[in-house]
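The values are calculated or read from the model by the stated rules, or taken from the named source; none is laboratory data. Since the model is a prediction, treat every value here as computed from it, not as a measurement. Here the Cβ positions follow ideal geometry from the backbone for every residue, glycine too, while neighbour counts run over all protein chains shown. With ligands, DNA and RNA removed, areas are computed over all heavy atoms of the protein, side chains included. Shrake-Rupley method; radii C 1.70, N 1.55, O 1.52, S 1.80 Å.
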Amino acid sequence: QIGSPKTTVAPILHTMATRNFIFFQKDSGLYTTGISTYLAGSSYHSEKSIMQFIKSEMEYAVHETNEICQFGIRSGSSVLYIAKVDSREAIRLVSSVGKRLPLYCTALGKALLYQLPFETVKKLYPDGLKRLTEHTITDFDRLKDELEMINATKFAYEKQETTLNICCYAVPICCNRKTIASLSISVPSFRDSEDKAERIRPVLKKVGNTIEQYLAENHLDENAFGIYEE
């Protein structure tokens, strides 16, 4: 699946098996997770990692807005969702960590794009901006206008561009003046209003500033989330 020859992969597997990160089952010829992998994962989980801190701040955002909060980073021309905290509302966005959506039609994605030279943005989509719903931005000039607005306000939004009946608001997360992630609140369109947006904006700004301060105080850089820019 990764396109590497067996002669390249075999010694790596042998080393991992020798160090108990994986276990070779002779009867089936399959490899399974070894005890060293389990111990490494348990050790990581026991530490107060950056993502644990961010999740706690996201929980505050959900408490204040009663809407789902999501956190994403750039992965090529897509936004990669790496954390979420659900609301308790019966009707809400169904989302999942690990999903990818185009940058240009998501609030999280636009918040990740606004610092890039616009010619660089256009090169990410050589085949143009594809329509996901009837509300999706498909015009580069309109996208440029929105990115310029985000540059001025540090606040992004999208209205049913990726999923019908869902609106989203987002702020960029910056480190050393470079946007490395973004944070959003998503709202079903029937609960969306200017009053709702006015309540969401300060919460996102507050949580975003807190996360940025945490990054600065812990001397973390733009690689804090393993950002992908292929």
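Structure notes:
- Dipole size of the chain about its Cα centre, with +1 on Lys/Arg Cβ and -1 on Asp/Glu Cβ: approximately 500 debye, rounded to the nearest 20.
- Solvent-accessible surface of the chain, taken per residue with a 1.4 Å probe and all protein chains present: 57 Å².
- Normalising the average separation of contacting C-alpha pairs (under 8 angstrom, six or more residues apart) by the number of residues puts the relative contact order of the chain at 18 percent.
- Candidate values (1) 155; (2) 175; (3) 184 were compared with volume of the Cα convex hull per residue in Å³ computed on the shown model; the agreeing label is (2).
- Peptides 162-168, 200-206 ranked from most to least packed, by the mean per-residue count of other Cβ atoms within 10 Å: 162-168, 200-206.
- Positive-end residue of 216, 29, 183, charge dipole of the chain with Cβ unit charges: 29
- To put it simply, the accessible area of the chain at a 1.4 Å probe is 52 percent carbon and sulfur.
- Under 12 Å from the residue 216 label point (7 Å along Cα→beta-carbon), backbone N, the stretch 52-74: none
- Tensor-based shape of the stretch 95-216 (alpha-carbon gyration tensor, a/c under 1.5 rounded, otherwise prolate or oblate): oblate
- At an R0 of 25 angstrom, the distance between the Cβ atoms of residue 66 and residue 135 translates into a FRET efficiency of 0.55.
- Think of it as helices only: each DSSP H run of n ≥ 4 in the chain is worth -39500 (n - 2.57), and spread over all residues that comes to -12500 deg cm²/dmol at 222 nm.
- Ordered by 1.4 Å accessible area with all protein chains kept, 104, 31 run largest first as 31, 104.
- Sparse-neighbour loop sites [chymotrypsin sites (Phe, Trp or Tyr not before Pro); the stretch 162-219; at most 14 other C-beta within 10 Å; DSSP]: none
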